[in-house]
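K.L.:
Right, I'll just put the structure down here and ask away after.
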Amino acid sequence: MAFNSLLKRADPGAASYNRPMHLRHSHRLPASFAPNPLTLALSKVRAEGKEILDLTLSNPTDCGLDYPSEPLRGALGAPEVLGYRPDNRGSAKAREAVAAWHGHSVAPEDVLLTASTSEAYTWLFKLLCDPGDEVLVPSPSYPLFEWLARLEGIAANATPSYWHERWHLDLVALEEACTPRTRALILVNPNNPTGHFLSRSEWEQVLEFCAQWKLALIVDEVFADYGLEAPEEHLPTALETLEPPCPLFVLSGLSKVAGLPQVKLGWIVARGAHAKALLEPLGFIADQFLSVSASAQSAALAALEAAPAIQAQIRRRLKSNLEELDRQLLSYPAISRLPVEGGWSVLLRRPALDSAESCALRLLEEAQVLVHPGHFFDLPGENYLVLSLLPPLGVFARGMAQALPILSLRS
Ligand SMILES: Cc1ncc(COP(=O)(O)O)c(C=O)c1O
């Protein structure tokens, strides 16, 4: 539960840094490391030895998937991993595998390997921003942006997207949030946890917006292979655009593509002449770290060859859990779910008779069911709970069966 405990700490701006000098840490870090109320409650329930039905489970290696262990272990332990052949962009073999995986005319020389998508963000922030600069982040979204940005000495300005029959980027709000210090726009396609795929028309507007404001565009597509209920006009990948009018960097990695977060391999694809012109300075940054292990690079091809089979299992799991949710929701008309265009999460909408946090605490304490309150992802209001669709079907079904009566008590 590193995720729970990391997020939504005390306001990062409200630091009290009056510790003895030798214990003082920089203002980039949270002011307090006190766990949030849900993490505290979780530790208490665990200490009581009660079984927890974890509907936030998003670690694919804990979900009972069947991994092709022989080829993966063979590649992770191949003889070549005993030699050190540093290449700041990553080994040619691994980059070839990534380029072939993407298609869409991605060439190995357009790819730069990282140890994770999170690391890819930090390198792009170093590349594009000076301390005090800003990046735009649509909200709700993946909550690590704020900290990844702060740790680089920059600000992530969250700009609300809105729900009207589906999620929409608010281009006017993005424009209003732009300042002379804004350097990049980050998009997640499909977004986590809302599942929102960009529409083709949003994409056209975003490209125009970035060109006009001279922003780089960073598109995180870690969930792009997990479209579920996506509308016809969705943008399956930003890589469809061959020559964008601004620097475009597309991020992905084995964590979601092959369900292998522990291998620690992510990548950046530079798309178009503007982004490719920045590959040399980006390589300079990578050269200071050389953080991608020989094993991870050696396993890239085997992992990507295994990815279709692993993804097929994940997709089946997502669909079964969604069907189970729909079946159970038939008995609870006051509670509904939003469409899942893509990704591994579903948003449950309930009447907000108490705060989403109180509701999550109640579910944990009364039914030992763990869900995330919407505000962990900056979802507006108190209606939303966020569930992972990845838990084994039995766990998901029991969790919902125990949670829904409690949710409906106040509905
Ligand atoms: C949208 C998004 N991007 C990136 C990541 C992290 O990926 P990695 O394990 O490659 O750092 C996550 C993890 O949940 C995510 O949701």
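The values are calculated or read from the model by the stated rules, or taken from the named source; none is laboratory data. Just so it is clear, the model here is predicted, and its values are computed rather than measured. All Cβ positions, even for glycine, are placed from backbone atoms using ideal geometry, and neighbour counts span all protein chains on display. Ligands, DNA and RNA are excluded from the accessible area calculation, which covers all protein heavy atoms including side chains. Shrake-Rupley method; radii C 1.70, N 1.55, O 1.52, S 1.80 Å.
K.L.:
Cβ contacts < 9 Å: first residue of a type in the set (Lys, Arg), restricted to the stretch 157-174; second residue assigned to a loop (DSSP other than H, G, I, E, B), any location; separation 6+ or different chain. Result?
P.N.:
From the stretch 157-174, the pairs are Arg166/His196; Arg166/Pro231; Arg166/Leu338; Arg166/Pro339; Arg166/Glu341.
K.L.:
What residue, among those in the stretch 158-167 that are farther than 19 Å from Ala216 by Cβ and in contact with a strand residue (DSSP E or B) (Cβ under 8 Å, 6 or more places away or on another chain), is most open to solvent (accessible area, probe 1.4 Å)?
P.N.:
The qualifying residue most open to solvent (accessible area, probe 1.4 Å) is Tyr162.
K.L.:
Can you name every residue in the stretch 109-157 that is charged (D, E, K, R), closer than 27 Å to Gln262 by Cα, modelled with pLDDT of 95 or more and open to solvent by 30 Å² or more (accessible area, probe 1.4 Å)?
P.N.:
Glu109, Glu119, Lys126, Arg150, Glu152
K.L.:
So which of Glu323, Glu280 ends up being assigned by TED's automatic domain parsing to the domain that holds Gly77 and acidic (Asp, Glu)?
P.N.:
Selected residue: Glu280, the only one of Glu323, Glu280 that is assigned by TED's automatic domain parsing to the domain that holds Gly77 and acidic (Asp, Glu).
K.L.:
Kindly indicate which of Ser295, Ser320, Ser336 is open to solvent by 10 Å² or more (accessible area, probe 1.4 Å), under 30 Å from Leu128 (Cα atoms), over 21 Å from the mean Cα position of the chain (by Cα) and modelled with pLDDT of 95 or more.
P.N.:
Ser295
K.L.:
What single numbered condition from (1) at pLDDT 95 or above; (2) open to solvent by less than 50 Å² (accessible area, probe 1.4 Å) fails to hold for Asn59?
P.N.:
Condition not satisfied by Asn59: (2).
K.L.:
Within the stretch 348-355, is there a residue that is under 15 Å from Asn192 (Cα atoms) and either open to solvent by less than 40 Å² (accessible area, probe 1.4 Å) or assigned to a loop (DSSP other than H, G, I, E, B) (or both)?
P.N.:
Yes, the stretch 348-355 contains at least one residue that is under 15 Å from Asn192 (Cα atoms) and either open to solvent by less than 40 Å² (accessible area, probe 1.4 Å) or assigned to a loop (DSSP other than H, G, I, E, B) (or both).
K.L.:
For the stretch 61-168, list the strands (runs of 3 or more DSSP E) that sit wholly inside it and hold at least 3 residues that are more than 30 Å from Ile310 (Cα to Cα) and not hydrophobic (A, V, I, L, M, F, W, C); which are they?
P.N.:
155-160
K.L.:
Any idea how many residues of the stretch 32-51 are surrounded by 15 or more Cβ atoms within 10 Å (Cβ to Cβ) and more than 24 Å from the chain's Cα centre (by Cα)?
P.N.:
Count: 2.
K.L.:
Could you count how many residues in the stretch 107-130 are of a type in the set (Ser, Thr, Tyr) and in contact with a Gly (Cβ under 7 Å, 6 or more places away or on another chain)?
P.N.:
Residues meeting the conditions: 3.
K.L.:
Tell me which residues, restricted to the stretch 234-252, are open to solvent by less than 10 Å² (accessible area, probe 1.4 Å) and either within 16 Å of the ligand (Cβ to nearest atom) or modelled with pLDDT under 95 (or both).
P.N.:
Hits for the stretch 234-252 are Leu235, Ala238, Phe249, Val250, Leu251, Ser252.
K.L.:
Which one of the conditions (1) away from the ligand (no atom under 16 Å from the Cβ); (2) surrounded by fewer than 24 Cβ atoms within 10 Å (Cβ to Cβ) does Arg271 fail to meet, given that it meets all the rest?
P.N.:
Result: Arg271 fails condition (2) only.
K.L.:
Looking at Val188, Val106, which is the one that is more than 13 Å from the ligand (Cβ to nearest atom), at pLDDT 95 or above and either open to solvent by less than 20 Å² (accessible area, probe 1.4 Å) or of a type in the set (Lys, Arg) (or both)?
P.N.:
One residue alone meets the criteria, Val106.
K.L.:
Here's something else I'd like to know. Just one of (1) open to solvent by less than 30 Å² (accessible area, probe 1.4 Å); (2) touching a residue at least 24 places away in the same chain (Cβ under 8 Å) trips up Trp101, so point out which.
P.N.:
Unmet for Trp101, out of (1) open to solvent by less than 30 Å² (accessible area, probe 1.4 Å); (2) touching a residue at least 24 places away in the same chain (Cβ under 8 Å): (1).
K.L.:
Quick one: what pairs do we get from the stretch 109-125, first residue within 13 Å of the ligand (Cβ to nearest atom), second among the acidic types (Asp, Glu) and open to solvent by 20 Å² or more (accessible area, probe 1.4 Å), C-beta under 6 Å, 6+ apart or different chains?
P.N.:
Filtered contacts from the stretch 109-125: Thr122/Glu152.
K.L.:
Name every residue in the stretch 34-60 that is in contact with a Gly (Cβ under 6 Å, 6 or more places away or on another chain) and assigned to a loop (DSSP other than H, G, I, E, B), in order of residue number.
P.N.:
Leu55 - this is the single residue of the stretch 34-60 that is in contact with a Gly (Cβ under 6 Å, 6 or more places away or on another chain) and assigned to a loop (DSSP other than H, G, I, E, B).
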